[in-house]
Amino acid sequence: MAEANEVIFKGSNGYELSWVSTDGHTIIWSNGETFSYTPSNFPPTSTTTLTNTIPSYLYVEYNDDDDLQAFVAAQNEEQQDYADWFVNANLPLYTQQTGPLLDWVAEGLYGSTRPVLPTGLTNQIGPLNTFVTDTLVYNGLTRATYTNFFVTTDDTFQRILTWNFYKGDGFQFTIPWLKRRVMRFLYGPNGVPFNVDETYSVGVSFPTAFHCHINISHTTYPSPAAGPLLQSAVQSGAVNLPFQYTFTVVL
């Protein structure tokens with residue numbers, strides 16, 4: 001009789017294979033059979049969702065009705081088509097979606113809408129030397145309105161989603177965390193994350209205590225085409241960054 005802290009493993013034929021403690025570490029008795037454990041792949045390399053539906057069928061008394069048999073066959077084929085579409089669409093992978101489906105997946109699964117990215121930086125008019133005398137009331141403040149905007153393509157939207165939802169760097173804000181995100185945004189088409197093994201082309205500095213400069217204008221590395229998009233995404237708040245700091249992208 002096994003004690004309360006012990007368990008007996010049995011094979012499919014009902015014969016005892018091993019007698020071990022419930023912590024799974026101490027083998028009390030074994031008949032000599034070897035247990036082998038193969039770790040599974042993560043992330044999985046194959047489909048993990050339902051691939052085949054359970055077909056419907058007619059009761060025996062209706063088997064001889066050709067019309068009903070045709071109806072059931074059509075129903076089974078149609079529901080399998082739906083299952084195949086969901087398997088192939090792989091909805092959670094926003095990097096594989098385009099157009100309205102990308103918008104639907106981004107908002108429905110990730111709570112994000114396609115942002116509007118203005119061209120140029122926000123101009124704040126009000127402090128001394130930012131306006132001509134008598135054009136603004138004393139001690140007043142106004143912001144320049146945007147008149148031109150970038151077209152937020154699927155590629156740009158996917159890069160923004162990867163910036164906001166990529167979990168591989170952890171959740172703690174650090175300089176390496178920031179630089180790796182900048183690299184993925186600049187050089188990751190369609191938001192597909194890649195292994196960032198160096199970040200030399202991204203410079204980060206703090207001119208003041210709470211003002212951060214992200215410099216991607218180093219002479220040894222040409223400024224990428226996505227640079228202005230990153231500048232606008234940071235300035236408009238489309239990408240998540242600590243609110244305690246003011247971030248400026250230098251092209």
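The values are calculated or read from the model by the stated rules, or taken from the named source; none is laboratory data. Quantities reported herein were computed from a predicted structural model and do not represent experimental measurements. A quick note on method: Cβ atoms are made from the backbone with ideal geometry, for glycine too, and the neighbour counts reach across all protein chains shown.
Tabulated data
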quantity: Residue in segment 214-222 that is within 28 Å of residue 92 (Cα to Cα) and modelled with pLDDT under 95 present; calculated: no
quantity: Selection within segment 145-178 - of a type in the set (Lys, Arg) and surrounded by 20 or more Cβ atoms within 10 Å (Cβ to Cβ); calculated: 159
quantity: Segment 180-198, subset part of a loop (DSSP other than H, G, I, E, B) and under 21 Å from the mean Cα position of the chain (by Cα), residue surrounded by the most Cβ atoms within 10 Å (Cβ to Cβ); calculated: 188
quantity: Matching residues, segment 83-119, being at pLDDT below 90, more than 19 Å from residue 185 (Cα to Cα) and outside any helix (DSSP H, G or I); calculated: 90, 91, 92
quantity: Qualifying residue in segment 220-233 (condition: at positive phi, assigned to a loop (DSSP other than H, G, I, E, B) and without any contact (Cβ under 8 Å) to a residue 12 or more places away in the chain); calculated: no
